[in-house]
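Structure first, then comments.
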Amino acid sequence: MDTNQTIAKIVAAGGADELRTTLDKHATSATREYDDIRSQDDYTEDARHRLLSEAYDRRKASLDNDLARLASSAGEVDRGAVGRAFGTTGLPGDPASLTISLRDAQDRVAKVRDEEELETLLGRATRSGDEVLARAVAARAAEIGKTYVVEEFVRVRPDLKTDVDRAMLAVGRPSSAGKLEWNVRLGKIRPSELKRR
């Protein structure tokens, strides 16, 4: 997974704030180290460039390790939130039976693309107490971008709001504006001398 994919995974799992903190910490440390190298009068320009390049390589490796750690923990949060929001986690009953019921419900809603039909299915599932079908409908609505149906699901189940919000981020795509923010923050970690060559 490259850096941009790792960042997208972290953001999708709701880790944007921690990602900003991590990138800013690395940018601050990198700037301090690069400024120290630049201030050394006894280096030739080539030696200074080599030292900056080596410092950048170390910084990038350290950043990649931190991003991998964030992505790993974000994945755990992501799976947990998706399971609680749209899966069978937390539902009473036999886990094996619930899993089979969820698969059946997912098969039932897999081809539905119409918001009205999803809304009808959600209402029917809610009235009859079929929480597994309700969650499958909400998951399908999230998958195809029918947010009104997901909002209706949450309105009746306010205790799931946080998990649904995180799960929605997991199925979403970062915007172009979001990608620009991360590219700018990543750019602050590379010394300007390396950008010119």
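For the range 120-140, state whether one or more residues are among the β-branched types (Val, Ile, Thr), closer than 30 Å to residue 16 by Cβ and at pLDDT below 95.
Among the residues of the range 120-140, not one is among the β-branched types (Val, Ile, Thr), closer than 30 Å to residue 16 by Cβ and at pLDDT below 95, which makes the answer no.
Scan 93, 14 and give me the residue that is part of a loop (DSSP other than H, G, I, E, B) and in contact (Cβ under 8 Å) with a residue 60 or more places away in the chain. Even if it seems obvious, please write down each step before you answer.
On the way: 93 fails: in contact (Cβ under 8 Å) with a residue 60 or more places away in the chain.
The unique qualifying residue is 14.
Checking the conditions here, which among 58, 69 is touching an Asp or Glu at 6+ places or on another chain (Cβ under 9 Å), without any contact (Cβ under 8 Å) to a residue 60 or more places away in the chain and closer than 30 Å to residue 10 by Cα? Before you say what the answer is, go through the steps one by one.
Working: 69 fails: touching an Asp or Glu at 6+ places or on another chain (Cβ under 9 Å).
None of the others qualify; the one that does is 58.
Given the range 112-161, what helices (runs of 4 or more DSSP H) lie entirely inside it while holding 2 or more residues that are touching a Phe, Trp or Tyr at 6+ places or on another chain (Cβ under 8 Å), over 24 Å from residue 97 (Cα atoms) and of a type in the set (Asp, Glu)?
Working: elements: 115-128, 131-143, 147-156.
The qualifying helices (runs of 4 or more DSSP H) are 115-128.
Starting from residues that are closer than 21 Å to residue 104 by Cβ and either outside the structural domain of residue 111 (by TED's automatic domain parsing) or among the β-branched types (Val, Ile, Thr) (or both), keep the ones in the range 137-149 and report whichever is surrounded by the most Cβ atoms within 10 Å (Cβ to Cβ).
So the residue we want is 137.
Failed condition for residue 32, given (1) outside any loop (DSSP other than H, G, I, E, B); (2) in the same structural domain as residue 143 (by TED's automatic domain parsing), with all others met?
So the condition that residue 32 fails would be (2).
State all residues of the range 150-175 that are modelled with pLDDT of 90 or more and surrounded by 22 or more Cβ atoms within 10 Å (Cβ to Cβ); if no residue qualifies, say none.
150, 153
Can you tell me which residues in the range 3-31 are surrounded by 18 or more Cβ atoms within 10 Å (Cβ to Cβ) and under 27 Å from residue 51 (Cβ atoms)?
22, 23, 26, 27, 30
Every residue in the range 24-41 that is of a type in the set (Asp, Glu) and over 30 Å from the mean Cα position of the chain (by Cα), please. Outline the logic, then answer.
Just the residues of the range 24-41 that are of a type in the set (Asp, Glu), to begin with: 24, 33, 35-36, 41.
Those that are of a type in the set (Asp, Glu) and over 30 Å from the mean Cα position of the chain (by Cα): 33, 35, 36, 41.
The values are calculated or read from the model by the stated rules, or taken from the named source; none is laboratory data. In this text, all values refer to a predicted model and were calculated from it rather than measured experimentally. Please note: Cβ atoms are built from the backbone with ideal geometry, for glycine as well, and neighbour counts cover all protein chains shown.
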